[in-house]
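Before any comments, here is the structure.
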Amino acid sequence: MVDVCGVNGYDEISGKLKELLGLEKSPVAIKLVLREDDLPEGVEKIGKPARHCEMVQMAAAGEVFYATAEAQACKGGADALGIDEAPEKVKTGEFYYDLGRFASFASAKRTFDMIPSVDLRFYAAVYAPLEKATFDPDVIVIICNPAQAMKISQALVYTLGGRVEADFSGIQSLCADAVAGPYMRKRPNITMGCSGSRQYAGVRDDELIVGLNGENIGCVLNALEAIS
């Protein structure tokens, strides 16, 4: 039987993904760490607080670090990742209602309740460009354009067929949609970004985000090579 998921190191995987997809930025490896003792050796804590979406962009540009709850500047994002608890105004929907994103508290609350979140409490999240990952990532985040996302979608259905799901609401995109969702559901997701990630993390108007499960990245890469 042919091994369709066998691959070499993450540096080679990252290089091939960049080449086959024409990516401008590195894919980002993210690992959720339950205890301080589980942190990958040699990875330092981020120097100052930042939003998770900003951290993804920092890692895509080459930085390697981990972030605990106090380093997560966006508590909604930290809540989605299972690292901290969201403020009460976020949980009730009041925060998003006050921003003018919803017609009622009820619609805001209903949306927040449906946003994916990790139901464990983690010590930290570790971030690295995939080529520098010294750990097995739980999720790999790719910031790309629609044509590149199309190629990833084609790779996802190459072996078993089916459909690719895109589950999003325009809120908590890089944290909930691209990381928490794939982590908890064990399936990839495509999301359109959110106002926060575009305003604070510089996700461009022509970019969207793909969250892939780390353990399946070999299958995705081999499928991309087969259809290229």
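The values are calculated or read from the model by the stated rules, or taken from the named source; none is laboratory data. Because the structure is predicted, anything quoted here is derived from the model rather than measured. No Cβ is skipped: glycine too gets one built from the backbone with ideal geometry, and neighbour counts run over all protein chains shown. These area figures cover heavy atoms from the full protein model, side chains too; ligands, DNA and RNA do not enter into them. Shrake-Rupley method; radii C 1.70, N 1.55, O 1.52, S 1.80 Å.
Would you check the accessible area of residue 58, probe 1.4 Å, heavy atoms only, in square angstrom rounded to 10?
About 50 Å², ignoring ligands and nucleic acids.
Here are labelled values, (1) 28, 21, 15; (2) 26, 21, 19; (3) 38, 25, 13, and one is the computed semi-axes √(5λ) of the Cα gyration tensor in Å for what I pasted. Which one?
(1)
Which GluC sites (Glu not before Pro) in the range 1-91 sit in a loop by DSSP (not H, G, I, E or B) and have at most 10 other Cβ atoms within 10 Å of their own Cβ?
In loop regions of the range 1-91 (DSSP not H, G, I, E or B), the sparsely surrounded GluC sites (Glu not before Pro) are 41, 44.
With a 1.4 Å probe and every protein chain kept in, tell me what percent of the accessible surface of the chain is carbon plus sulfur.
Taking all protein chains in place, the chain shows 50 percent carbon and sulfur surface.
Using the Cα gyration tensor of the range 78-165, with a ≥ b ≥ c the square roots of its eigenvalues, what is the shape: rounded (a/c below 1.5), prolate (a/b larger than b/c) or oblate (neither)?
Taking the square roots of the gyration eigenvalues as a ≥ b ≥ c, the range 78-165 is oblate.
About its Cα centre, how strong a charge dipole does the range 1-131 have in debye, to the nearest 20, once Lys and Arg get +1 and Asp and Glu get -1 at the Cβ?
Once rounded to the nearest 20, the dipole reads 560 debye.
Can you tally the net charge around residue 165? Count Lys and Arg as +1, Asp and Glu as -1, for every other residue whose Cβ sits under 14 Å from the Cβ of residue 165.
Local charge sum for residue 165: +2.
What distance in nm separates the simple spin-label points at residue 11 and residue 165, each placed 7 Å from Cα in the Cβ direction?
Using points 7 Å along Cα→Cβ, the separation is 3.7 nm.
Is there a pair in 89/109; 31/186; 48/109 whose C-alpha atoms are over 21 Å apart, and which pairs would that be?
48/109
Could you tally the net charge around residue 207, taking each other residue with its Cβ under 12 Å from the Cβ of residue 207, Lys/Arg +1 and Asp/Glu -1?
That works out to 0.
Helix 105-114 against the longest principal axis of the chain: what's the angle in degrees, Cα atoms only, rounded to the nearest 10?
Computed tilt is about 30 degrees.
Given the options 47, 211, 193, which has the most mean-square fluctuation in a GNM of the chain, springs set between C-alpha atoms less than 10 angstrom apart?
With Cα springs under 10 Å in the chain, the top fluctuation among 47, 211, 193 is at 47.
Send over a whole-number figure in Å² for the accessible area per residue of the range 1-156, probe 1.4 Å.
It amounts to 49 Å² per residue over the range 1-156.
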